[in-house]
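Written below as structure tokens is the structure these notes are about.
The values are calculated or read from the model by the stated rules, or taken from the named source; none is laboratory data. These figures come from a predicted structure and were not determined experimentally. All Cβ positions, glycine included, derive from the backbone under ideal geometry; neighbour counts span all protein chains shown. Just the protein is used for accessible areas: all its heavy atoms, side chains included, with ligands, DNA and RNA removed. Shrake-Rupley method; radii C 1.70, N 1.55, O 1.52, S 1.80 Å.
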Amino acid sequence: MGNQLTITPCLWFDGQAEQAARFYVEVFPDSRITTISHYGEAGKEIHGQRPGDVMVVAFELQGNPFVALNGGPLFTFSEAVSFQVPCRSPEELDHYWGALSEGGDPSAQQCGWLKDRFGLSWQVFPEWLPKALEETGSTAAARVTEAMMAMKKLDWQALERARRG
């Protein structure tokens, strides 16, 4: 089992792959762009991109591989796919929410979910939240759920108060 498969999300952009990758590696510490490739003449009649334009940006967010592809306007992001950002402190939650939501669609913010400026959905939440919601039917889980449903950006302290009762 030494040669394990790595599953890498590929994010489809319309000309913004490099800008998005650079933005994401600025937001998340210990992240980097690994390679940038460009379109050539080959396949131009199919892909329709100008030779020299950025085709693919490979990058890592905290050691997790991603690929950003400039594929054109054919496909866009939807909330059907999102990336979860479990936070260890209220300050960390504030950082990720602030950075990722800047320039995004405010009407797409609910219960810790947001869309960034590129239309990609993220869930920014306290790392303890999934465990707090696990106990289906418990009064603590019901209180936390009720509090969370009324929020856009999650209020760490308010959720902790709801959890404690």
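Using the structure shown, decide if GLY112 is within 24 Å of ILE36 (Cβ to Cβ) and either modelled with pLDDT of 95 or more or surrounded by 19 or more Cβ atoms within 10 Å (Cβ to Cβ) (or both). No; evaluated as a whole, the condition is false for this residue. For the range 31-65, the set of residues classified as among the hydrophobic types (A, V, I, L, M, F, W, C) and either touching a strand residue (DSSP E or B) at 6+ places or on another chain (Cβ under 8 Å) or farther than 18 Å from ILE7 by Cβ (or both) consists of ILE33, ILE36, ALA42, ILE46, VAL54, MET55, VAL56, VAL57, ALA58, PHE59, listed by residue number. When GLN49 is tested against the conditions (1) crowded, with 18+ Cβ neighbours inside 10 Å; (2) modelled with pLDDT of 95 or more, the lone failure is (2). Scanning the range 83-99 turns up no residue that is surrounded by fewer than 17 Cβ atoms within 10 Å (Cβ to Cβ) and either farther than 14 Å from VAL124 by Cα or touching a His at 6+ places or on another chain (Cβ under 7 Å) (or both). Candidates in the range 15-41 are the residues that are open to solvent by 90 Å² or more (accessible area, probe 1.4 Å) and part of a loop (DSSP other than H, G, I, E, B); of these, the one that is farthest from CYS87 (Cα to Cα) is GLU41.
Contact annotation: residue pairs with Cβ atoms under 8 Å, 6 or more positions apart or on different chains, pairing a residue in the range 17-43 that is of a type in the set (Phe, Trp, Tyr) with a partner that is assigned to a helix (DSSP H, G or I), are TYR39/HIS47. Out of PRO90, PRO73, PRO106, one residue alone is at pLDDT below 95 and over 17 Å from ALA21 (Cβ atoms). It is PRO73. Of everything in the range 115-140 that is of a type in the set (Gly, Ala, Ser) and under 19 Å from the mean Cα position of the chain (by Cα), the residue that is least open to solvent (accessible area, probe 1.4 Å) is SER121.
So, ALA58, is that one of a type in the set (Gly, Ala, Ser), open to solvent by less than 70 Å² (accessible area, probe 1.4 Å) and assigned to a helix (DSSP H, G or I) or not? Here the answer is no, as ALA58 does not meet what is asked.
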